[in-house]
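Below is one structure, written out as structure tokens; the observations come after it.
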Amino acid sequence: MKTIDVSALKNKMDNGESLNLVDVREVSEHDEFNIGGILLPLGNIRVGEIDTIEHLKESEVYLYCRSGNRSGQAALILESMGFSNVTNVVGGMLSWKEQFPI
């Protein structure tokens, strides 16, 4: 699985790159703070409910969560489902908030 830290991801965002972001946290966490993208909780991925991102199977997908743990799990699951280019955002939103306070 590929990884990226929040600084490198923010740099891509600041440079205007079009990124496929997927937040694998729960709705309440997403509503509290997010950096965009599609909300698809890890629980949904575990049971194969991935309709909202199926079209991204051949695209680069950046997965994020609170700390990087759930997004790492999601990356492994998606890879096993045929997603060919998933990247885990290490440190997640905890690291994001620490490095880029809002």
Kindly state which strands (runs of 3 or more DSSP E) lie completely within segment 1-74 and contain at least 1 residues that are open to solvent by 60 Å² or more (accessible area, probe 1.4 Å).
2-5
Working only within segment 75-102, note down all residues that are aromatic (Phe, Trp, Tyr) and in a helix (DSSP H, G or I).
Trp96
Just the residues that are free of Cβ contacts under 8 Å to residues at least 40 places away in the same chain, of a type in the set (A, V, I, L, M, F, W, C) and within 18 Å of Asn20 (Cβ to Cβ), please, taken from segment 50-102.
Ile50, Ile53, Leu56, Ile77, Leu78, Met81, Phe83
Looking for something without any contact (Cβ under 8 Å) to a residue 24 or more places away in the chain, touching a strand residue (DSSP E or B) at 6+ places or on another chain (Cβ under 8 Å), farther than 17 Å from Gln99 by Cβ and among the β-branched types (Val, Ile, Thr) - is there at least one such residue anywhere in segment 35-49?
yes
Scan segment 75-102 residue by residue and report those that are loosely packed, with under 12 Cβ neighbours inside 10 Å, of a type outside the set (A, V, I, L, M, F, W, C) and closer than 18 Å to Ala8 by Cα.
Glu98, Pro101
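The values are calculated or read from the model by the stated rules, or taken from the named source; none is laboratory data. Computed from a predicted model, the values in this text were never measured in an experiment. In this analysis, Cβ positions are derived from the backbone assuming ideal geometry, glycine residues included, and neighbour counts consider all displayed protein chains. Accessible surface areas use protein heavy atoms only, side chains included; no ligands, DNA or RNA. Shrake-Rupley method; radii C 1.70, N 1.55, O 1.52, S 1.80 Å.
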